[in-house]
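J.: Quick one: this structure, given as structure tokens, is what I'll be asking you about.
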Amino acid sequence: YDPDAVAKQKALIAKIHEMGGEALMSSHLHAFFTTEETLEVARAQIERGTDLVKIVGYAQDEDQLLADFATVHALKKALDRPFLFLANGAYSRLLRQIGPELGVCMYLCVPDYRPGYSRGRCRLCARTWRKCRAERNRNTL
């Protein structure tokens, strides 16, 4: 990592915290990372002070998808804060659809599929919204 960039990130996150805000840090890996490599990325974000860890991995085949499920489980066990772990790639859709059932903190959705939108992303619809609301209500009781 570039030490100057890391220092700037830490300073910005500190400023956000001073103002009463929370910081989400996002890393788009653009390749498949193993569970341990992904945990290293998450730890680096936490060391910088992020409140919510976001990592976008990759799942181009079934083996990578299954490894990404294991990564979600490892992140859930290892992290002391909310995390958003998603994937891009041919096999990413299932992880995006059921990730929150496994410990991912939220769904990311698109309002509809437009040119340039990945079909791997979940489309926001009444069913998705009801499920999110039910989960939120279940967690606040």
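J.: Divide the volume of the convex hull of the Cα atoms of region 1-54 by its number of residues and quote the answer in cubic angstrom per residue.
T.: Value for region 1-54: 71 Å³ per residue.
J.: Can you give me the distance in nm between label points at ASP63 and ALA44, each placed 7 Å from the Cα along the Cα-to-Cβ direction?
T.: About 2.5 nm, to one decimal.
J.: So, one more: Kindly state, to the nearest 0.05, the FRET efficiency for ALA31 paired with LYS77, given R0 = 30 Å and r defined as their beta-carbon distance.
T.: Approximately 0.80, to the nearest 0.05.
J.: Can you sort MET19, MET106 by solvent-accessible area, 1.4 Å probe, largest first?
T.: MET19, MET106
J.: Okay, which of region 24-39 sit inside 19 Å, backbone N to the point 7 Å along the Cα-Cβ direction of LEU12?
T.: In region 24-39, the label zone of LEU12 (backbone N under 19 Å from the point 7 Å along Cα→Cβ) covers 24-30.
J.: If you rank PHE85, PHE32, PHE69 by how much accessible surface each has, with a 1.4 Å probe, what is the order from largest down?
T.: PHE32, PHE69, PHE85
J.: With the alpha-carbon atoms as the only input, what is the per residue convex hull volume for region 1-93 in Å³?
T.: Taking only Cα atoms, region 1-93 has a hull volume of 87 Å³ per residue.
The values are calculated or read from the model by the stated rules, or taken from the named source; none is laboratory data. Every value quoted in this text rests on a predicted model; they were computed, and no experiment measured them. We place every Cβ from the backbone using ideal geometry, glycine too, and count neighbours over all the protein chains shown. For accessibility, only protein heavy atoms count, side chains too; no ligands or nucleic acids. Shrake-Rupley method; radii C 1.70, N 1.55, O 1.52, S 1.80 Å.
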